[in-house]
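The values are calculated or read from the model by the stated rules, or taken from the named source; none is laboratory data. The structure displayed is predicted, hence computed values, not measured ones. When we count neighbours, we look across all protein chains shown, and the Cβ atoms used for this are built from the backbone with ideal geometry, even at glycine. Side chains included, ligands, DNA and RNA excluded: accessible areas come from the protein's heavy atoms. Shrake-Rupley method; radii C 1.70, N 1.55, O 1.52, S 1.80 Å.
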Amino acid sequence: MQYKVPEHPSKNRIGDFSPLVVVSAVLVMLYTTANIMAVKVISIAGISLFDAGTITFPLAYMFGDVLAEIWGYKIAKKVIILTFFCNLLMIIFLSIGIYLPYPEYMQPTQEAYAAIFTYVPRIVFSSLLAFLSGELVNAKVLVKIKERQKDGRYLWVRTIFSSVVGYLFDTVLFVILAFWGTVPAKDILSMIAVQYVAKTVIEACLGTPLAYSLIYYLRKKYAGSDQIQ
């Protein structure tokens, strides 16, 4: 005898994903991508350094802003914690891959894999601690500013100011934990400064306009729906 999973017509329409699921999935993807990219250190004219993850990380923060703005701090916190555990699983499975047997002719590939992903756990552990502190502070500050504003206007004030505070926690923790001992001390300070400024500029010039567009779209498309607050 076969059993079928009961369907809920109003909630299981093909092609109609929950906006919360989509935003959460993109946030997880951006953050895991940023952690892998962070292994690549970029030199700016030989003067300063920053990691390539700095490029995608502000976009992850932007989606964190959207979560907090649309669904509130409690939901944003749950998704942030989910992202934490997704990255933890990534570390575990990437690390397992290093020690699995391989054919001799794949030696160059094995060495390249090990070179990259042996360093990733340190990057990710550092990033996880920084992410939890920075993203939770970011979401909390955004919601607090929104509560004080009462009328809900001036989204750009909330997104930029909350990110400025969150990036401070995130950048300092991440750079020190991820690169201390592998990068000269003077470059550590330079990396903190460059990453902080770069993240803030990307947030202001790209993240905030995208947040405006996405929040406007969600509120217009799902107006009156129980899928957004």
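Per residue, how much accessible area does the chain have with a 1.4 Å probe, in Å²? Walk me through the numbers before you get to the answer.
Numbers: 12890 Å² over 229 residues.
Here the residues of the chain average 56 Å² of exposed surface.
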For the pair Gln110 and Ser95, how long in nm is the line joining their label points, each one 7 Å along Cα→Cβ?
2.1 nm
Carbon-plus-sulfur fraction of the accessible area of the chain, 1.4 Å probe, in percent?
71 percent
So how do 56-69, 30-43 stack up, highest first, on mean other-Cβ count within 10 Å?
56-69, 30-43
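If a helix is a whole DSSP H run, which ones in the chain reach 30 Å or further along their own axis (Cα) and hold a mean Kyte-Doolittle hydropathy of at least -0.5? All intermediate terms of the calculation are to be shown ahead of the outcome.
Working: long enough: 73-99 (40 Å, 1.70); 120-149 (41 Å, 0.64); 155-179 (34 Å, 1.78).
Helices meeting the span and hydropathy rule in the chain are 73-99, 120-149, 155-179.
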Return a whole-number percent for the relative contact order of the chain, with Cα pairs under 8 Å and 6 or more residues apart as the contact set.
26 percent
Which is farthest toward the positive dipole end of segment 87-229 among Gln149, Val164, Val137, measuring Cα position about the Cα centre, with Cβ charges +1 (Lys, Arg) and -1 (Asp, Glu)?
Gln149
Using 0.36 nm per residue of separation minus the Cα-Cα distance, give me the extension gain between Val41 and Lys74 in nm, one decimal.
8.4 nm
The size of the Cβ-based charge dipole (Lys, Arg +1; Asp, Glu -1) of the chain about the Cα centre, to the nearest 20 debye, is 880 debye
Under the rule of -39500 (n - 2.57) per DSSP H run of 4 or more residues, summed and divided by the residues of the chain, what mean residue ellipticity at 222 nm is obtained, to the nearest 500 deg cm²/dmol?
-24000 deg cm²/dmol
Heavy atoms of Arg153 accessible to a 1.4 Å probe, total area in Å² rounded to 10:
130 Å²
Charge-dipole axis of the chain as Lys and Arg at +1 and Asp and Glu at -1 on Cβ define it, positive-most pick from Ala193, Ile116, Tyr73
Tyr73
Would you grab the residues whose amide H sits under 5 Å from the one on Ile42? Only those 5+ places off in sequence or on another chain, please, with H modelled 1.01 Å from N.
Phe50, Asp51, Ala52
What net charge is computed for the residues neighbouring Leu136, neighbours being all others with C-beta under 14 Å from the C-beta of Leu136, Lys and Arg scored +1, Asp and Glu -1?
+2
Listed residues Phe17, Ala38, Met106: farthest to the positive end of the dipole of segment 15-118 (Cβ charges):
Phe17
Is the shape of the chain rounded, prolate or oblate, going by the alpha carbon gyration tensor and its root eigenvalues a ≥ b ≥ c, with a/c under 1.5 for rounded and a/b larger than b/c for prolate?
oblate
Order by protection proxy (mean Cβ within 10 Å, highest first), peptides 99-107, 179-187, 78-86:
78-86, 179-187, 99-107
List the residues whose amide H sits under 5 Å from the amide H of Val183, counting only those 5 or more places along or on another chain, with H placed 1.01 Å from N in the peptide plane.
none
Is there a pair in Lys199/Lys220; Lys144/Lys199; Lys146/Lys220 whose C-alpha atoms are over 31 Å apart, and which pairs would that be?
none
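Between Cys86 and Phe161, what length in nm is gained on full extension when 0.36 nm per residue of separation is reduced by their alpha carbon distance? Kindly include the intermediate steps, with their values, before the conclusion.
Numbers: separation 75, 0.36 × 75 = 27.00 nm, distance 2.75 nm.
Contour length minus the Cα-Cα distance gives 24.2 nm.
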